[in-house]
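Participant: Questions regarding the structure given below will be posed in turn.
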Amino acid sequence: MLMEACICLDFYLSHICARFWYLTTELDSHYNFSSMHTRISSTQYLPLQTTESDTLLYEDVSSSESKELLIGAPEARPSKLERRGWQLVIVASIAALCSSIWNVAIMNALKAESSSQSSFTPKAQLFRPNPYIGLEMASIKPSSPRPEPILNPPILMARTNSSDVDRVYLDIPKVDTRYGQVYPEDRDFHITKEVSMILQFRVMDYGMERCTLIAKLPSSAELDHSEYPRFYDIHPNGLHVDIWELDSSLQLDAKTLSFASRPRRQALDGTWKVEMGRDMRLTETRNCSSRSLLTYELVCASMEYCQLYFKQDGHTPVIGVYVEQSSSI
């Protein structure tokens with residue numbers, strides 16, 4: 001509101017200046033025309049002297065009449081209205097300049113305040129509207145088949161290092177092809193004594209709000225005979241990995257996630273005994289509302305030799321850690 005008032009004041013003062021400038025210009029042109037008319041009318045024609053002496057041509061140069069002829073009539077002094085108009089123009093110009101300076105100061109102050117108290121909402125905190133409007137009112141026949149469980153891949157897979165708490169592992173794989181750079185869905189899953197894995201999932205779909213964290217590890221023979229090259233390094237004697245649930249209701253950013261900045265551990269949901277050739281449920285089945293976030297940290301449970309590495313991709317046979325969503329209707 002204050003800014004609009006200052007703008008209106010500037011416009012009003014500029015309008016006053018323009019009006020008085022126009023007025024004084026008209027008065028000045030009228031004054032010049034009157035002075036010219038006065039000079040022309042006051043100048044008298046003096047015929048040449050017909051006497052024989054040439055000195056008679058210059059004998060009246062010092063007279064008042066001759067001075068008026070050579071110099072012209074004295075200009076009239078500005079009127080009181082003209083002086084008042086110029087005074088108002090000067091005052092209005094000074095007022096407009098002061099108002100402009102005041103506006104600049106206010107704009108800088110508001111800009112500094114907005115930068116210090118920004119109303120910008122980060123992307124991770126934006127509200128996600130319900131995309132399944134009205135489905136809760138749909139009628140389902142008792143004889144309708146129950147939907148099959150779905151595998152939900154993580155939206156974030158990031159490593160953290162307890163021996164280097166500020167280190168950020170930014171895993172963005174890319175492949176150069178003849179068509180340009182391609183960003184595959186492959187992600188490195190790597191756990192050691194110091195390195196832990198943070199996985200975050202977003203619950204999707206409607207009526208599939210029963211969630212279980214599961215691990216799929218095919219046998220070595222299945223992986224070796226896969227159509228695509230599979231990379232893995234799993235301790236042959238088996239490992240024990242603790243599954244910690246993290247306290248995070250916001251989507252994490254892999255560009256800033258480190259051991260020091262990770263969310264705090266909330267509860268120990270279970271322990272994963274790593275064995276190849278079998279699928280395992282890592283947590284109990286729980287209710288999970290659609291569009292909510294599930295965040296876990298997988299850490300080596302023992303201080304002995306710990307090495308678990310594979311590349312989680314979408315190829316068959318499936319290998320990796322997922323959330324299995326089953327029907328809740």
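Participant: Just for region 136-177: of the residues that are surrounded by 13 or more Cβ atoms within 10 Å (Cβ to Cβ) and over 32 Å from the mean Cα position of the chain (by Cα), which one is modelled with the lowest pLDDT?
Facilitator: Among them, the one singled out is Pro147.
Participant: On the basis of being modelled with pLDDT under 90 and at positive phi, does Asp253 make the cut?
Facilitator: No.
Participant: Being among the hydroxyl-bearing types (Ser, Thr, Tyr) and within 25 Å of Arg265 (Cβ to Cβ) is the filter; apply it to region 178-205 and report the residue that is surrounded by the most Cβ atoms within 10 Å (Cβ to Cβ).
Facilitator: Ser196
Participant: May I pose another question? Do you know which residues across region 130-173 are among the small types (Gly, Ala, Ser) and either touching a residue at least 40 places away in the same chain (Cβ under 8 Å) or in the same structural domain as Asp205 (by TED's automatic domain parsing) (or both)? If you could, list the steps in order and put the result at the bottom.
Facilitator: Keep residues of region 130-173 that are among the small types (Gly, Ala, Ser), which gives 134, 138-139, 143-144, 158, 162-163.
Answer for region 130-173, where residues must be among the small types (Gly, Ala, Ser) and either touching a residue at least 40 places away in the same chain (Cβ under 8 Å) or in the same structural domain as Asp205 (by TED's automatic domain parsing) (or both): Ala158, Ser162, Ser163.
Participant: Please find, within region 277-297, the residue that is modelled with the highest pLDDT out of those that are part of a strand (DSSP E or B), more than 40 Å from the chain's Cα centre (by Cα) and exposed (fewer than 14 other Cβ atoms within 10 Å of the Cβ). Let's see the steps before the verdict.
Facilitator: Taking region 277-297 as the starting set, the residues that turn out to be part of a strand (DSSP E or B) are 278-281, 286-287, 293-297.
Within this subset, residues satisfying the condition of being more than 40 Å from the chain's Cα centre (by Cα) are 278-281.
Subset that is exposed (fewer than 14 other Cβ atoms within 10 Å of the Cβ): 278-279, 281.
Values: Arg278: 85, Asp279: 89, Arg281: 93.
Among residues in region 277-297 that are part of a strand (DSSP E or B), more than 40 Å from the chain's Cα centre (by Cα) and exposed (fewer than 14 other Cβ atoms within 10 Å of the Cβ), the one modelled with the highest pLDDT is Arg281.
Participant: So how many residues does region 125-167 have that are touching a Gly at 6+ places or on another chain (Cβ under 8 Å) and closer than 30 Å to Ser261 by Cα?
Facilitator: Residues that pass the stated criteria total 1.
Participant: Taking His235 and the conditions (1) of a type outside the set (Val, Ile, Thr); (2) surrounded by 18 or more Cβ atoms within 10 Å (Cβ to Cβ); (3) out of contact with any Ser or Thr (no Cβ under 6 Å at 6 or more places or on another chain), which numbered condition does it fall short on, given that it satisfies the others?
Facilitator: (2)
Participant: I'm trying to understand the selection: among the residues of region 216-232, which are surrounded by 14 or more Cβ atoms within 10 Å (Cβ to Cβ) and not in a loop (DSSP other than H, G, I, E, B)?
Facilitator: Within region 216-232, Lys216, Leu217, Ser220, Glu222, Leu223, Tyr232 meet the criteria.
Participant: Residue check: is Leu213 at pLDDT 90 or above, buried (at least 17 other Cβ atoms within 10 Å of the Cβ) and under 34 Å from the mean Cα position of the chain (by Cα)?
Facilitator: Details: at pLDDT 90 or above: yes; buried (at least 17 other Cβ atoms within 10 Å of the Cβ): yes; under 34 Å from the mean Cα position of the chain (by Cα): no.
In short, no.
The values are calculated or read from the model by the stated rules, or taken from the named source; none is laboratory data. Note that the coordinates shown come from a computational prediction; the quantities given were computed from them, not determined experimentally. Cβ coordinates were reconstructed from backbone atoms using ideal geometry, including for glycine residues, and neighbour counts include every protein chain displayed.
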